[in-house]
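In what follows, a single structure is set out as structure tokens and then discussed.
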Amino acid sequence: MNRLHSALEGLASRGTPRGADEIFSDATQSMGSPTSEALVRIDQGDEIMVSSTVSRRQYPAWLMFAAAFGVVLIVGLAITLVVRPTGDTGRDVAGNNTASSVVPGPTLPPSDNVPMTVPAGSDLSYYSYLPDLHLGWRAAEDGNTDLCWKTASDEGCESDLFYAPDTVIIPNGNHVIVLTRPALGGETPTEAVVTFSNGETANEAFTTPSGIAIAFARVEVPDGVTVTSASAN
Amino acid sequence: MPIGSRMENSKQDVSADAAIFAELYPQLRRFAAVVAPREVDPDDLVQDGLERTLRKHSLSSLTNAKAYLFRVILNLASNERRGLMRARRAFSRLSSEDTAEPAYPSDLTELLRLPSPQRAMLYLREVQGFTYREIASLLGMSEEAVAKASRRARARLSDELREDSI
């Protein structure tokens, strides 16, 4: 499977299908089909179709963008006024205003900030996702794409198909950074659920830095245990 | 025809159409997911296409319901994309760089930049394994137009993405 094939396959399988029955039923109802049993006889055998309204999840594009613009303004103001620390307790993420500006782990020197997928076997070009976490993308031998990560002490690569509920778990000192990608057409995940080797779990809210569709959550790891799995809800 | 018989026929048509649609749905859904703009739910596109088709024809009366629905879905996707591009241009004039929609810097982003018909052709060729002639027949275009659009689509993709595809 080559990369183009893989990318097309990823596009074709985006979102969660509603199912043929539901769509057919909604389509016939919203156009007032006879299945709605709304045939009304008038006069000499004539009939009209009375449509029963079925709302589709679609709004005018200008309304969606106006709403998004409003939300961005409000969130931006909130981050500026409330969340952003006043002291020198952290460092901005290469221009990304993340809610989690305080960096728990050792930081890395800023990278080029040019995210690009390099061919298999080539040196990585890293993207400053967080001050203590850089990300890069590299074509895998099988034609898929790997997400590669680097912290001050470790680095690794995994398949970049970590759409929620799948995650990538990155060890970083006394905590792990859990990454996930919102499934295309799906809901944005809000919470990471991490399971430890002692069977206990921990929940942490996801944050999505502006400009890149990858969410992260930092989860403290208690002494003496390891992280066995993590999922995005 | 008495109203009772007509209603009975209509119900039979609907049952037949439901069965045809159920069989075609997985292919239609995947096709819609490929050609739809990122902001549009593929199922909404399928539903819209089905609704428009059923307003004019029953699926059982079409000689090639699959091809008909593919074309309707592709046209709807192109219309949606044009509308969204106008909205995006207007929005970008109002907003700063910081408010740009988050994107995943990967192959999907490259593909989503292509116009819907070009994505459709790449998908049908690369994933479904159709010949240019079959794609032309399915989308109601000439074979030459399909080949030309496919070449154009490949040329627009980044070197990394197409390097092992040609």
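Here B:S92 qualifies as surrounded by fewer than 14 Cβ atoms within 10 Å (Cβ to Cβ) and at pLDDT below 60. Could you tell me whether any residue of segment B:97-116 is more than 12 Å from chain A (Cβ to nearest Cβ), assigned to a helix (DSSP H, G or I), within 18 Å of the chain's Cα centre (by Cα) and at pLDDT 85 or above? No, that holds for no residue. Output yes when any residue across segment A:225-233 is crowded, with 16+ Cβ neighbours inside 10 Å, hydroxyl-bearing (S, T, Y), touching a Ser or Thr at 6+ places or on another chain (Cβ under 9 Å) and assigned to a strand (DSSP E or B), and no when none is. Within segment A:225-233, one or more residues are crowded, with 16+ Cβ neighbours inside 10 Å, hydroxyl-bearing (S, T, Y), touching a Ser or Thr at 6+ places or on another chain (Cβ under 9 Å) and assigned to a strand (DSSP E or B). Checking each residue of segment B:3-17 against the condition of being outside any helix (DSSP H, G or I), buried (at least 16 other Cβ atoms within 10 Å of the Cβ), within 10 Å of chain A (Cβ to nearest Cβ) and modelled with pLDDT under 90 gives no match. It is to be established whether one or more residues within segment A:177-186 are surrounded by 15 or more Cβ atoms within 10 Å (Cβ to Cβ) and over 16 Å from the mean Cα position of the chain (by Cα). Looking for residues that are surrounded by 15 or more Cβ atoms within 10 Å (Cβ to Cβ) and over 16 Å from the mean Cα position of the chain (by Cα), one finds none in segment A:177-186, hence no. Apart from one condition, B:K66 fits all of (1) assigned to a helix (DSSP H, G or I); (2) modelled with pLDDT under 90; (3) more than 8 Å from every other protein chain (Cβ to nearest Cβ); the exception is (2).
Remark: pairs (first residue in segment B:124-152, in contact (Cβ under 8 Å) with a residue 24 or more places away in the chain; second residue of a type in the set (V, I, T) and in a loop (DSSP other than H, G, I, E, B); Cβ separation under 9 Å; 6+ apart in sequence or on different chains) = B:R125/B:T131. Restricting segment B:149-166 to residues that are in a loop (DSSP other than H, G, I, E, B) and modelled with pLDDT of 55 or more, the residue that is surrounded by the most Cβ atoms within 10 Å (Cβ to Cβ) is B:L157.
The values are calculated or read from the model by the stated rules, or taken from the named source; none is laboratory data. Treat the numbers as computed from the prediction; the structure is a model and nothing was measured. When we count neighbours, we look across all protein chains shown, and the Cβ atoms used for this are built from the backbone with ideal geometry, even at glycine.
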